[in-house]
There are 2 protein chains.
Amino acid sequence: MIRRLSQARERGIPEATVARLPLYLRALNGMAERGLATVSSEDLAVAAGVNSAKLRKDLSHLGSYGTRGVGYDVEYLIYQISRELGLTQDWAVAIVGVGNLGRALANYGGFVSRGFRVAALLDADPEVVGDHIAGLSVEHIDELEAVIRRRGVSIVVLATPAAAAQQVADRVIAAGVTSILNFAPVVLAVPEGVDIRKVDLSIELQILAFHEQRKTDRMTGGPAMAEEWPEAVDL
Amino acid sequence: MIRRLSQARERGIPEATVARLPLYLRALNGMAERGLATVSSEDLAVAAGVNSAKLRKDLSHLGSYGTRGVGYDVEYLIYQISRELGLTQDWAVAIVGVGNLGRALANYGGFVSRGFRVAALLDADPEVVGDHIAGLSVEHIDELEAVIRRRGVSIVVLATPAAAAQQVADRVIAAGVTSILNFAPVVLAVPEGVDIRKVDLSIELQILAFHEQRKTDRMTGGPAMAEEWPEAVDL
DNA sequence: CCCACTTTGTGCACCGGTTCACAAAGGGAC
DNA sequence: GTCCCTTTGTGAACCGGTGCACAAAGTGGG
C-alpha cells in the first residue's frame, strides 16, 4: 500500500477533526474488542455519533486508509489514529492541586487511558503533602520545577483554586511545559506557543440552564415547579 | 430606557454566543466586587479573553444595553446576562454516580455557584448509599424517578461508569429531564429535544497530546526523555 | 451650542467547517 | 473479462461565526 504524503498528510489537520479523532478511536476500540475486522464509514459514524461524510473527510486528512467497496480495517485504523494523536508515545502528566477534583482525576481510570501516565501529584497544603493517592505520594508545590524536569512531564493538569491557577501556570510554563489542561475557573494568560484547554463545569451547567429555560418557557411560561412535573412520557 | 424586543432579542441567540456569556458574567462579577460601575467593551473583552468586536456583537444579541462613549453598566449587564442564562431561577441538579468524580462534583464549590443547587446524589452501590456528602445523603438509584419528580430536578449530571450511562440517561429522560451533563466516556443516544453536554477528560488530554507531539517533533524529533522513571501506576 | 473625543452597534468580507451528491475505485459473481 | 454492487474520497455549495472598519450615538469642555 502506497502512503500518500501529499498536502493532506503532514499538513495541518483541521482542529475540528483532531477533536473527533479520539471519538473514532474509542468506537474502534470497542469494535476491535467485539472482533470486527473491517467497518464502513456509515457504521463507524453511527457509533461515534457523527455524519458519515464528515467521518470520511476527517479520515481522508490522515491519508487514504480505506478500501472502496469494503470499508476500513479496524486494527489498521486504530494504529493510524493512535499514531496521529501521539498515543504511541508515553506522556507523563502532573496534576497540580489535590483537592476533591484533583483526587478524582488521579483516581479516575477512564480519564487516563492509553499513552498517559500520572507521574506526579503536587499541592501547596502541608496537610495534604505526603498523602498517598492512586499509588503516588503528594509532593509539595516547591518541588514543581524539579519534578517536571526529572520525570519528563510534558502535560500539566491544573486543579487548583482559581486564585492560584495563573501563578502555577506561569511556573510550569517557565519550566518548559507547553500543554495545560485547566480546570480552574479563570481565563489564563499564556504566551504564544502554549496550548491551553479549559474544562469549566460551571459554564457547562449555565449553557444547559439557558436551553432548559427556553424549553420550559415555551411550554409553561415559567420554570417547572416541584410536584407539578408531568408523569413520565413513554419514549 | 427603551428596551428593543426586535428580531435580535427573544429570537435565537447564536450558540457560540451562549457559550461565552458565562465567561462575561464571571469577569463582570469580579469587576463588581472591585467596585467598578461601568466597563468598556475593550476592558471586558480583555478580562474574558476575547476580541472586543465579538463581545459587542454577543451583547448586541441580548439588546442594546451599552451607552456609546461610556460603556456598559456593570450591575445592569450582570442582571441581563443572568436573566438570559436563566440564573435568576433556582435549578435543582441531581448527580448520578457517587464515585470519585461524583464526590468531587458534589463538593466543588465553584461548580454550583449561582442559581444551581445539588438536590440529590444517587448511586447503585449499596456500599455508598447512605453516605453523607456535602450535606446530602446518597440515595439508591431505584429512587431516581421519585427523587426527580419530588424535588423538581431539571438538570442531571451523569458521573456513572460508561457501561451504566446510557441506561441511566434513558431513565432520567423518561422521567422528564431534558438537560444532561455527561461525564461518562460514551456517546449517548437521546431523542430529539434533549440537550446533552459532554465533558470528556480523556479526549481533552488526547487533543493536547496531538499538539504536544507536533511541537516536540518539530524541535527534537521525539518526546522529552525522563531522567527518572516515576513510580506511577499505568492507568 | 458646537466641536472634539470616546465607545457602541453593525455591515460586510472572509474563513473554517459541514453536508450533499457523485465520480472513482475496488470486490465478487459468472 | 465484464457487469453490477458497495463504499470511499472529494468537489462544491452552503452555513455559522469572526473580525475589520466605520457610521451613529452619546459625553464633556469651552
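The values are calculated or read from the model by the stated rules, or taken from the named source; none is laboratory data. What you see is a predicted model; the values in this text were computed from it and never measured. With ideal geometry, Cβ positions are generated from the backbone for all residues, glycine too; neighbour counts draw on all protein chains shown. The accessibility values were calculated without ligands, DNA or RNA, using every heavy atom of the protein model including side chains. Shrake-Rupley method; radii C 1.70, N 1.55, O 1.52, S 1.80 Å.
The one condition from (1) in a helix (DSSP H, G or I); (2) surrounded by fewer than 21 Cβ atoms within 10 Å (Cβ to Cβ) that B:A104 does not meet is (2).
Of all the residues in the range A:165-193, those that are open to solvent by less than 30 Å² (accessible area, probe 1.4 Å), hydrophobic (A, V, I, L, M, F, W, C) and within 30 Å of B:L85 (Cβ to Cβ) number 8. The residue of the range B:14-48 that is most open to solvent (accessible area, probe 1.4 Å), among those that are in a loop (DSSP other than H, G, I, E, B) and more than 26 Å from A:R214 (Cα to Cα), is B:R34.
Assess whether B:D200 counts as being in contact with a Phe, Trp or Tyr (Cβ under 9 Å, 6 or more places away or on another chain), facing chain A (nearest Cβ under 9 Å) and under 30 Å from A:T88 (Cα atoms). It is true that B:D200 is in contact with a Phe, Trp or Tyr (Cβ under 9 Å, 6 or more places away or on another chain), facing chain A (nearest Cβ under 9 Å) and under 30 Å from A:T88 (Cα atoms).
Filtered by the rule that a residue be assigned to a helix (DSSP H, G or I) and either open to solvent by less than 10 Å² (accessible area, probe 1.4 Å) or not β-branched (V, I, T) (or both), the range A:75-99 gives A:E75, A:Y76, A:L77, A:Y79, A:Q80, A:I81, A:S82, A:R83, A:E84, A:L85. Counting only residues that are under 21 Å from B:I148 (Cβ atoms) and more than 7 Å from chain A (Cβ to nearest Cβ), the range B:65-92 holds 2 of them.
Can you name the residue in the range B:49-74 that is part of a helix (DSSP H, G or I) and surrounded by 15 or more Cβ atoms within 10 Å (Cβ to Cβ) and is also farthest from DNA strand C (Cβ to nearest atom) among such residues?
Once the filter is applied, the top-ranked residue is B:V74.
Return yes or no: is B:L62 more than 13 Å from chain A (Cβ to nearest Cβ) and over 30 Å from B:A162 (Cα atoms)? In short, no.
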